[in-house]
Structures are given as C-alpha cells and as structure tokens.
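> Got a structure here, written out as structure tokens. Questions coming.
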Amino acid sequence: MRVAAVQLSSGNDVRANVDRALELIEHAANEGATYVQVPEYFNYLGSVRRYREVAESIPGPTTELFAELARRRGITVHLGSMIEVSPVPERYYNTSVVIGPDARVCATYRKIHLFDIDVPGEVVHRESDALVAGDALVLAGLDGAVLGLSICFDLRFPELYRRLARAGAQILAVPSAFTAHTGRAHWAVLVRARAIENHAFVVAAAQVGATAEGVATYGHSMIVDPWGEVLAESTSDGPDVLVRDIDLDQVARRRAQIDVLALARDDLYAARVAGPASPGLC
C-alpha cells in the first residue's frame, strides 16, 4: 500500500490550517497514497484560551469536511488530532480521527498520555491543565492492514505500542507536534525504536515551525519500516508531503525472524522486582 505523512505548520487560524491540510492531502492522493496522515493539532495549534471556541464534537463540521474528501478520493484520511468537547466543563480531549473511503469515522482515539513536563530553561508545559486523558487503546482497519493509534507524547511509552502490536497492529501512527527542544534529542530515536521493537511500520506526521504563541515544533516527519530503516524523513522547515510504498509482508517476515512478541516474558513483567529498595552496594 502507499502511505503519506503530511507535515504542517499550523497556527491559530483554523480556516487557513484546514485549507492547507485539504490541499496537501489532495497532493498526497494525486501521488497515489491511499492512507494519508496529518499531524497532531492539525486544525488549531494556539493558545488554550481559544479551546472552547475551536472544540468540536466528533463527528462534526471538520470531520464531515474531510469525510467528503476521503469519499471523493477513495482514501483513508487520518486527522492526527483535534480538540474535542468532553463531559468535563472547560476541559477537552485531544482526539485522533480516522475516516475511511466510505466517509465513515471508523476510529477515534483520545490521547492517553498528556504532555506534562518540566525541563528547566527549555520546555515547561502541562497539557492536563486543559485536557482530559483518554482511557482506551484503539486500532483501526485499513484496506488489508491494521493501524495502531497514538499521539505525540505517547511515543515515550513503549508499553502502549507493544499492546497495539500484540493486538494486531502492523502500522503504528504517531501524529505529533514535538517541541523543537525535545525533538532534536529524542524524536528520530524514539520513532525508530517503536518500529524496531515491534517490527511494525511507523508513520509519523509532524508539525514544524514556530506558532504565534512562540511554540517551536520540530518537524522531521518520518516513515520507518519494521527493521528501523528510515524510508522517508522531511528536512523541510515548512509544510511537506512524504509518500512511500510499504510492503506489509515485511511485518510478518521480521516478526518471524525475531519473534519479540512471542518471546516476551509477560509472566515476569508484572512480578515484584527483587533487589535493594535504595541505592547502594549489592
């Protein structure tokens, strides 16, 4: 199958962000992609003060607009994430939406690991101040493939991806808005690690550039194969489209060669860890 990762430089102008995403998804479809992923916060990357204004229900106006595109082009459109209304007053979900070629919303995933970090002098952010964490792991069916869903900060939690792979995922989706500070140090390493340790393809569409609020995102959207080989990586400092053919037989072949899913010792991982309770000599 042919997949695409669309890199964006989204900001606080929802209409402009949506128009740019539509344009680049069309470009990917023209290149033959049947699965097209856009980044986290694809339609709004700005101040949390406007979340009430931009939040939507799913399905809603934005998903309906992209559903029409998916139907017209006969492709699967993966909206990396958008702000979704939640039952909690003044709190929202960060939600990824997969729309099939029949224009149906076939999967929604609400980000389960919220970006709460404190790297003094570099990045201080608390996504949980405005967002509610999801509570479900989600797979989506593509034409002949199974897609495991995640969003950005989830990338640091390998347990999630192992569960998705065990449940049948052959492709792992990581739509992101990685910060420039952490991205330079960790992005490529983590994307490749998730592919290698699960012998799965990874498609990671990313935000790039600085927003009006001064949030600098890293870019470097990637498509990686089950052996950790980088099939495509954007070096653009602006919007970009990566399109590559992937052979799903590679997933089964690599998993047969090094069967990490079967050889894992789950019987021990939940057990008590033996050893000292504090640092010191053995």
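What follows draws every value from the coordinates through simple rules; no lab data is involved. Being a predicted model, the structure only gives us computed values, none of them experimental. All Cβ positions, glycine included, derive from the backbone under ideal geometry; neighbour counts span all protein chains shown.
> With charges set only on the Cβ (+1 for Lys and Arg, -1 for Asp and Glu), what does the dipole of the chain come to about its Cα centre, in debye to the nearest 20?
It comes to approximately 500 debye.
> Right, here's the next one. Based on the Cβ-Cβ distance of Ala216 and Arg15, what FRET efficiency does E = 1/(1 + (r/R0)^6) give at R0 = 25 Å, to the nearest 0.05?
0.60
> Just add up the charged neighbours of Ala216: K/R +1, D/E -1, any other residue whose Cβ is under 12 Å from the Cβ of Ala216.
The answer is -2.
> Between region 63-120 and region 173-219, what is the separation of their alpha carbon centroids in Å?
For region 63-120 versus region 173-219, the Cα centre distance is 18 Å.
> How far apart, in nanometres, would the label points at Ala252 and Ala270 be if each is projected 7 angstrom from Cα along the Cα-to-Cβ direction?
It is 3.1 nm.
> If I model a spin label as a point 7 Å beyond the Cα along the Cα-Cβ vector, how far apart are those points for Arg91 and His181 in nm?
Spacing of the two 7 Å Cα→Cβ label points: 2.5 nm.
> Then there is this: Can you pull the one-decimal nm distance between simple spin-label points at Glu68 and Asn30, each 7 Å off the Cα toward Cβ?
Roughly 2.0 nm, to one decimal.
> So what is the 222 nm mean residue ellipticity for the chain from helices alone, if each DSSP H run of at least 4 adds -39500 (n - 2.57) and you divide by all residues, rounding to the nearest 500 deg cm²/dmol?
-7000 deg cm²/dmol
> Report the residue, chosen from Ala70, Ala185, Ala200, that carries the largest GNM mean-square fluctuation when the chain is represented by alpha-carbon nodes joined by springs under 10 Å.
Looking only at Ala70, Ala185, Ala200, the largest GNM fluctuation is found for Ala185.
> Which one of Gly214, Ala264, Pro59 has its Cα pushed farthest toward the positive end of the charge dipole of the chain, where Lys and Arg give +1 and Asp and Glu give -1 at the Cβ?
Ala264
> Considering only the other residues whose Cβ falls under 14 Å of the Cβ of Asp13, what net charge follows from Lys and Arg at +1 and Asp and Glu at -1?
Surrounding charge for Asp13 is 0.
> Sticking with this structure for a sec: Work through the residues other than Val189 whose Cβ is under 13 Å from its Cβ and net out their charges, Lys, Arg +1 and Asp, Glu -1.
Surrounding charge for Val189 is +2.
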